[in-house]
Amino acid sequence: MSQTASGQTLYGGIAETILQAIEGGSYREGDRIPSIRVQSRHFGVSLNTVKEAYSLLESQRYIEGRPQSGFFVRRRALPLTRSLDEGTESLDPTTMNICRIMGPLQEKREDPGLRLSMANLDPELVPEKRLNASLVDQARLWGARGLEYQFLPGDQGLREEIARWSPTAGVIVSPDDILITNGCTEAFHLALKATCKPGDTIAVESPTYGSFPLLAQEMDLRVIEIPSDPRDGLDWEILRFALDHHPIRALLLVANHNNPQGSVIPDDRKQALVELLESRGIPLIEDDVYGDLGFGQVRPRACKTFDRTGNVLYCNSFSKTLAPGWRVGWILPGRFKDRVVSIKSLMNLTTTSVTQKAVAAFLKEGGYDKHLRRLRARLAENMGALHETVARSFPLGTRTTRPQGGLSLWIELPSGTDSLDLYRRALHEGIGLSPGPAFSTSGRYGNYLRLCSGFWNPRIEAAVERLGRLAGNLQG
């Protein structure tokens, strides 16, 4: 497979160039784009390479092929270029009671079949039979021993398999570097407790993953939100300003396919970020749970790739790729290992034993990479379908991100539309969504929302269309 110097596939680069032309207005909705043969000559590549590029764009519903006519641009929502246009004046550390936002959101439970608020996979997208067979086999194999505590650092076989898989993210580790945790949430909870104390200030992306503000509140931490770009992540200049003017104790981020925007920090900036924080003695807590869910063929590297001193605490899990209910995660705590082990020992001492062994056996027998290829293709299709449905159903002026991986679509509604109001109205019809203020410590993003693409079927499509009509009603 041909790749560019940056590691991107050749056809992926061509698809990106065509997409930029579409979003830049060179091709409008309904326009016919140049034929495969014309593009082959234009880019100086084979016909098959262009076919792969068009297939990728078609799977994500940016274009559509019409028999005997060629390829045409499909309808898309306007691209969201920046969630909020904020400067350094918004960087005052914040403490708040997040229940002020989340409390009113518990009026009625959503229909499990319409749970667009959850970044989870449709069970049809995971190898359920193989996983369950692995669990049964391990329970039989270990018998009563499988019911015993699995003490730190966790199952040896699982840590060996994680160490073998980690180079796909650019991370070279020994099994001894790895501690198994109860999902990724416990991993970055441990990381925060190992690096911060009550009253400290941490920095997060803005918008940020909703659990980060909740953890900050639970630990009595102050939070600075660093504005981020939907494509490339953290605003570099504002981050540097914050580091210069505030006593930031740690930076917590999702570098790859960020939740909720889907951004991916470029490799050169990841390296510069790691080196900058290292020079200031500020730990970087990296959540890479979506790293394996990119829609392309090349997995983005983790920030941990560039860590030379153990200053990056890397957190991950199998919750987004295999079995969320099994809660099998891990942390590479670097130079904070002793502190993390001590905290984990006090918190719960252990992690479920049989599920660790079942995941280890599943990984060892092979096929995880093949599973991920299929999963990525389906998620790309789901995201394309979600994006297209939002484009045709939501009010004029709606903007969205165009994530190239992950499970989240971040949506900006027309100015004045209240996403909390939309949330309440949708819940009365059993439809779940995540309102924008849940992704901020200070109640920002009042006219934003997140929808997730782990599920897609006619019923979900109808629910998204209904959300669009409800959002339109809020305008009038």
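The values are calculated or read from the model by the stated rules, or taken from the named source; none is laboratory data. Quick caveat: nothing in here was measured; it's all calculated off a predicted structure. Positions of Cβ are generated from backbone atoms using ideal geometry, with glycine treated the same way; all protein chains shown enter the neighbour counts.
In the stretch 259-270 there is at least one residue that is part of a loop (DSSP other than H, G, I, E, B), touching a Phe, Trp or Tyr at 6+ places or on another chain (Cβ under 7 Å), outside the structural domain of Ser440 (by TED's automatic domain parsing) and among the polar types (S, T, N, Q). Of all residues in the stretch 306-334, which are closer than 14 Å to Ala191 by Cα, in contact with a Ser or Thr (Cβ under 7 Å, 6 or more places away or on another chain) and either part of a helix (DSSP H, G or I) or among the aromatic types (Phe, Trp, Tyr) (or both)? Result: Trp330, single match. Here the condition is being within 19 Å of Pro227 (Cβ to Cβ) and hydroxyl-bearing (Ser, Thr, Tyr); of Tyr445, Tyr423, it holds for Tyr445 alone. Annotation: of all residues in the stretch 160-203 being free of Cβ contacts under 8 Å to residues at least 60 places away in the same chain and in contact with an Asp or Glu (Cβ under 6 Å, 6 or more places away or on another chain), the one that is farthest from Ser117 (Cα to Cα) is Pro175.
Rundown of residues vs (1) under 22 Å from the mean Cα position of the chain (by Cα); (2) closer than 21 Å to Tyr54 by Cα; (3) part of a helix (DSSP H, G or I); (4) not charged (D, E, K, R), yes/no style:
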residue	(1), (2), (3), (4)
Ala360	no, no, yes, yes
Gly366	no, no, no, yes
His371	yes, no, yes, yes
Leu386	yes, yes, yes, yes
Gly397	no, no, no, yes
Trp410	yes, no, no, yes
Ser415	no, no, no, yes
Ala426	no, no, yes, yes
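Table: residues versus (1) surrounded by fewer than 17 Cβ atoms within 10 Å (Cβ to Cβ); (2) under 20 Å from the mean Cα position of the chain (by Cα); (3) among the small types (Gly, Ala, Ser).
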site	(1), (2), (3)
Tyr314	no, yes, no
Phe318	no, yes, no
Arg335	yes, no, no
Ser345	yes, no, yes
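Contact map, the stretch 49-75: first residue touching a residue at least 24 places away in the same chain (Cβ under 8 Å) and at positive phi, second residue exposed (fewer than 14 other Cβ atoms within 10 Å of the Cβ) and in a strand (DSSP E or B), Cβ cut-off under 9 Å, separation 6 or more or different chains; pairs are Gly70/Arg32.
Determine, yes or no, whether Glu52 is assigned to a helix (DSSP H, G or I), under 26 Å from the mean Cα position of the chain (by Cα) and more than 22 Å from Ser453 (Cβ to Cβ). Working first, answer last.
On the way: assigned to a helix (DSSP H, G or I): yes; under 26 Å from the mean Cα position of the chain (by Cα): yes; more than 22 Å from Ser453 (Cβ to Cβ): yes.
Criteria met by Glu52.
Take the conditions farther than 22 Å from Pro324 by Cβ, touching a Lys or Arg at 6+ places or on another chain (Cβ under 9 Å) and not assigned by TED's automatic domain parsing to the domain that holds Glu205 and apply them to Pro437. Does it pass? Here the answer is yes, as Pro437 does meet what is asked.
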